[in-house]
Amino acid sequence: MAEIFFWEAVRRAHDEEMARDPMVICMGEDVGVVGGTYKATQGLYDKYGPERVMDTPISENGFTGLGIGASFLGVRPIIEIMSVNFAWLALDQIANSAAKVRYMSGGQLTAPVVIRSPGGVAHQLGAQHSGRMEKIFMGIAGLRVVTPSNPKQAYGLIKSAVRCNDPVFINEHEYMYSMKGDVPDAEYFHPLEGSEVARMGRDVTLFGYNISVHWCLQAAEILSKQHGVEAEVVDLFALSPLDRVGIKASASKTHRAVVVEEAEAPVGVGAEVIAIINEECFFELDAAPVRVSAANVPIPFNHKLEKAAIPNAQEVVKAVLKMLGK
Amino acid sequence: MNAADKKRLLREMLFARRFEERCYEAYMERKVGGFLHLYPGQEACCFGVMEAARPGHDYVITGYRDHVHAIKCGSDPKAVMAELYAKETGCSKGRGGSMHIFDVKHRFMGGYALVGGPFPLAVGMAKAIKMKGGDEIAICFLGDAANNQGTFHESLNMAALWKLPVLFVCENNLYGIGTRIDRSTAVTEQYKRVCGYDIPASQVDGQDIEVVYNEAKKAVDHVRSGKGPYFLELMTYRFRGHSMSDSNKYRSKDEEETWGKRDPLYILKSRLIAAKELSEAEYQKLDKEIIEQIEKDIIPFAESSPEPKVDELTKYVFGENDPYVRGGAR
């Protein structure tokens with residue numbers, strides 16, 4: 001077990017899979033000579049050459065479609081879309097080609113592509129570079145959506161996604177590439193479905209994913225130390241399909257649920273998780289589930305406004321205390 | 001192309017014509033639902049190009065006007081008709097429909113219903129071919145209107161940049177749904193739009209199969225020899241509307257009559273008759289045989305086949321028992 005940066009974990013997964021299988025390639029804007037905006041493909045161009053580490057033109061729909069077409073014939077592309085905001089331009093190929101081809105061909109053709117892309121609110125990147133698009137992708141049938149909250153997950157999810165025969169979208173976070181965490185030395189495959197209990201608790205469940213898992217863990221510490229409340233934190237690393245069993249298990253155990261999301265509330269992860277709780281275990285609840293979400297605004301440039309637009313641990317604490325009548 | 005080839009191609013094109021006309025009837029009888037885009041008028045494009053290529057070996061992809069391309073690649077017409085009837089025996093198991101014919105065994109990689117969507121997929125297949133070192137080529141058949149999508153330009157750029165083995169065939173039938181090309185497109189001659197990417201391109205008559213074949217042979221040889229992509233524009237005309245929901249009020253009678261005289265079947269048939277390679281009686285016999293095959297073989301198969309089971313609604317959304325989904329692997 002070694003403590004490494006998030007970006008190193010992503011890079012290691014690429015390197016191992018490319019060394020193992022000559023059909024694994026990676027492609028995207030600046031992934032080659034530059035080594036990736038977040039260093040996720042550093043050194044791979046020198047090691048594997050331009051045919052397998054492809055610097056693409058800035059044509060998101062085009063190169064994503066190219067990767068999908070190559071995957072029809074046995075290539076395993078890891079496609080990096082530099083920022084999730086640019087993935088809007090590739091939605092046609094992701095939703096209409098990759099996600100639907102298995103079904104509409106009656107199972108004859110599959111598109112085993114991995115599409116990685118960082119999103120989230122980072123440092124004053126403005127409205128068009130601060131999108132959170134997981135809600136868009138998780139509404140597409142035939143597409144798996146996963147989102148790592150730490151380097152171990154980042155590594156293991158890419159490894160599994162490359163080998164899985166379904167198209168997988170991996171939602172990363174611009175803020176998290178410099179985060180450190182333990183990753184096993186031995187090869188490790190993280191499941192693409194399910195959820196993880198990141199902290200055990202009995203009084204309330206905080207559901208988070210990606211960066212919001214960290215807000216939940218911080219909030220749980222504050223709740224425990226300052227308010228005597230033991231919160232369970234569930235990490236929803238798989239956003240599609242969502243882990244109904246895991247969500248039900250924790251909500252029925254603590255009888256209270258708060259969903260924490262970095263994205264705007266409408267039509268989002270929180271809405272979906274709360275609907276599942278209602279469907280699976282409504283009568284186990286002691287309180288109405290709530291969401292802690294971003295304000296429904298284009299992300300402002302001004303730093304104070306930007307901070308005010310997205311949730312944090314304090315807001316999670318407040319929501320829990322309100323739920324408990326404290 | 002010798003006389004025997006021409007006679008065989010006439011038979012194939014006549015079969016395609018009768019097949020499509022029968023699809024129309026089945027649609028009017030409400031046995032076929034959804035959208036239906038028919039091919040009559042454009043037959044020489046598909047058959048001429050594929051005659052120069054290697055059906056079943058080269059990878060073919062196209063838009064929603066796809067029945068005939070699949071059949072030329074080797075698909076069983078019964079399975080294509082059964083797909084239109086939404087049956088389990090259809091080539092896409094009744095999950096695709098007219099616009100989504102797939103037959104991967106014969107390397108017909110699908111009909112896609114987003115205009116311009118197949119461009120990057122074709123370039124991706126060419127990338128895979130190049131990586132694997134095979135002698136196949138990718139062939140992308142699309143209409144002129146697809147060239148107004150961004151994917152056209154993005155794909156031409158990447159295909160040229162990486163010298164990928166892909167042949168773009170533009171079947172220019174002069175209309176994008178109901179809008180005439182000069183009302184939607186600044187440069188109406190499509191092959192001229194390709195020069196910005198340094199891809200060799202040419203434009204020929206798409207109604208005369210011999211002309212198509214001869215030009216396609218050059219194009220296919222160019223691509224197969226590793227010289228990169230080629231763009232072939234074929235001037236053609238669809239005799240029916242864009243789809244079945246088409247009022248067909250946007251074209252003049254004069255125009256339709258002019259193009260009607262340039263029916264690809266008529267052109268080839270007249271030539272064979274003039275050369276005394278074929279008699280009218282022989283042609284009529286051929287036609288009768290084809291209609292019989294459709295009525296006695298193809299339609300009964302489609303009609304009597306079972307529909308997909310409702311309890312298999314969610315089959316094919318994802319793969320089954322993938323070890324990496326549950327983390328069971330290592």
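The values are calculated or read from the model by the stated rules, or taken from the named source; none is laboratory data. If you're wondering where the values come from, they're calculated on a predicted model, not measured in any experiment. For neighbour counting, all protein chains shown are included, and Cβ atoms are generated from backbone atoms with ideal geometry for every residue, glycine included.
Can you name every residue in segment B:21-73 that is more than 14 Å from chain A (Cβ to nearest Cβ), more than 19 Å from B:HIS242 (Cβ to Cβ) and not hydrophobic (A, V, I, L, M, F, W, C)? Result: B:ARG22, B:GLU29, B:ARG30, B:LYS31, B:GLY48, B:GLU51, B:ARG54, B:PRO55, B:GLY56, B:LYS72.
Is it true that A:ALA271 is in a loop (DSSP other than H, G, I, E, B), small (Gly, Ala, Ser) and farther than 16 Å from A:CYS216 by Cβ? Against the criterion (in a loop (DSSP other than H, G, I, E, B), small (Gly, Ala, Ser) and farther than 16 Å from A:CYS216 by Cβ), A:ALA271 does not qualify. Being at pLDDT 95 or above and either in a strand (DSSP E or B) or farther than 17 Å from B:PRO55 by Cα (or both): is that true of B:LYS87 here? Yes: the conditions hold for B:LYS87. Residues that are assigned to a helix (DSSP H, G or I), out of contact with any His (no Cβ under 6 Å at 6 or more places or on another chain) and touching a residue at least 12 places away in the same chain (Cβ under 8 Å) within segment A:182-223 comprise A:SER212, A:VAL213, A:HIS214, A:TRP215, A:CYS216, A:LEU217, A:GLN218, A:ALA219, A:ALA220, A:ILE222, A:LEU223, listed in sequence order. Checking segment B:105-117 against the condition returns no match, with no residue being of a type in the set (D, E, K, R), in contact with a helix residue (DSSP H, G or I) (Cβ under 6 Å, 6 or more places away or on another chain) and within 10 Å of chain A (Cβ to nearest Cβ).
Only one entry in A:LYS152, A:LYS159 is surrounded by fewer than 21 Cβ atoms within 10 Å (Cβ to Cβ), within 14 Å of chain B (Cβ to nearest Cβ), closer than 22 Å to A:GLY36 by Cβ and touching a residue at least 60 places away in the same chain (Cβ under 8 Å), namely A:LYS152.
Note on segment B:75-104: residues that are more than 8 Å from chain A (Cβ to nearest Cβ) and of a type in the set (Lys, Arg) total 2.
Yes or no, residue by residue, for (1) in the same structural domain as A:LYS307 (by TED's automatic domain parsing); (2) aromatic (Phe, Trp, Tyr):
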position: A:ARG163; (1), (2): no, no
position: A:TYR177; (1), (2): no, yes
position: A:PHE189; (1), (2): no, yes
position: A:TRP215; (1), (2): yes, yes
position: A:GLY228; (1), (2): yes, no
position: A:GLU232; (1), (2): yes, no
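Looking at segment B:172-194, I want the residues that are in contact (Cβ under 8 Å) with a residue 60 or more places away in the chain and have a partner that is buried (at least 20 other Cβ atoms within 10 Å of the Cβ) and of a type in the set (Ser, Thr, Tyr) with Cβ atoms under 6 Å, at least 6 apart or on another chain. Which pairs are those? That search, which allows pairs on different chains as well, returns B:ASN173/B:THR236; B:ASN173/B:TYR237. Only one entry in A:ALA111, A:ALA70, A:ALA90 is crowded, with 20+ Cβ neighbours inside 10 Å, assigned to a loop (DSSP other than H, G, I, E, B), touching a Gly at 6+ places or on another chain (Cβ under 9 Å) and within 11 Å of chain B (Cβ to nearest Cβ), namely A:ALA111.
I'd like the residue in segment A:19-50 that is over 26 Å from A:TRP88 (Cα atoms), touching a strand residue (DSSP E or B) at 6+ places or on another chain (Cβ under 9 Å) and outside any helix (DSSP H, G or I) and, out of all such residues, is farthest from the other protein chains (Cβ to nearest Cβ). For segment A:19-50, the residue satisfying everything is A:ASP21.
Yes/no matrix, rows are residues, columns are (1) surrounded by 17 or more Cβ atoms within 10 Å (Cβ to Cβ); (2) hydroxyl-bearing (Ser, Thr, Tyr); (3) modelled with pLDDT under 95; (4) over 30 Å from A:PHE72 (Cβ atoms):
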residue	(1), (2), (3), (4)
A:GLU172	yes, no, no, no
A:ASP185	no, no, no, yes
A:GLU196	yes, no, no, yes
A:ARG202	no, no, no, yes
A:PHE207	yes, no, no, yes
A:GLU221	no, no, no, yes
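If the condition is being under 14 Å from the mean Cα position of the chain (by Cα), at the interface with another protein chain (Cβ under 9 Å from one of its Cβ atoms) and more than 16 Å from A:ALA98 (Cα to Cα), then segment B:118-142 contributes only B:ALA138. The residues of segment A:114-162 that are more than 16 Å from A:GLU272 (Cα to Cα), of a type outside the set (A, V, I, L, M), in contact with a strand residue (DSSP E or B) (Cβ under 7 Å, 6 or more places away or on another chain) and part of a helix (DSSP H, G or I), listed by number, are A:PRO151, A:LYS152, A:TYR155.
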